[in-house]
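The structure appears right after this line, and notes come after that.
The values are calculated or read from the model by the stated rules, or taken from the named source; none is laboratory data. A quick note: this is a predicted structure, and the numbers were derived from the prediction, not measured. Methodologically, a virtual Cβ is constructed for each residue, glycine included, from the backbone with ideal geometry; neighbour enumeration extends over all protein chains shown. Ligands, DNA and RNA are stripped out before the accessible areas are found, and what is left, the full protein with its side chains, is counted by its heavy atoms. Shrake-Rupley method; radii C 1.70, N 1.55, O 1.52, S 1.80 Å.
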Amino acid sequence: MIVPHINTLNWIRNLGIALDDDWRPWSVDGQIAGYTERYKNKDFSITFATVKGGGHVAAAHYPKECLAMIERWFDLYPL
């Protein structure tokens, strides 16, 4: 992992919301594109997602995966 994600996960976990969907891979065209987990309470949910190998400029190196992630978010389709 190039971009540290531990602090982001710690921040999310400190919000005190429950883990709803544990760390798991998400795919594009049958290939693992990254990893995700979802936290949820009665009012909202937060999805934390990574792009595998993406680093600081994931969209430049993995445009197909990043586009799929954004399109799924706009369509309210889970990773």
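Figures for the structure shown
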| read-out | value |
| --- | --- |
| Label point distance in nm, Leu9-Lys40, each placed 7 Å from Cα along Cα→Cβ | 2.1 nm |
| Radius ratio Rg over Rh of the chain, counting only Cα atoms, Kirkwood formula for Rh | 0.97 |
| For the chain, calculated [θ]222 nm from helices alone, where every DSSP H run of n ≥ 4 adds -39500 (n - 2.57) | -8500 deg cm²/dmol |
| Backbone HN-Hα couplings from phi across region 22-38 [Karplus 6.51/-1.76/1.60, Hz, Gly and Pro as x] | 5, 3, 7, x, 10, 10, 9, 6, x, 10, 5, 9, x, 9, 8, 8, 10 |
| Amide H contacts of Asp20 (H built 1.01 Å from N, under 5 Å, at least 5 apart or other chain) | Arg38, Tyr39, Lys40 |
| Heavy-atom accessible area per residue - the chain, 1.4 Å, Å² | 72 Å² |
| Sequence-distant residues sharing a close amide H with Gly34 (under 5 Å, placed H) | Trp26, Lys52 |
| Whole-percent carbon and sulfur share, accessible surface of the chain, 1.4 Å | 56 percent |
| Those trypsin sites (Lys or Arg not before Pro) in region 1-78 that DSSP places in a loop and that have at most 12 other beta carbons within 10 Å | Lys42 |
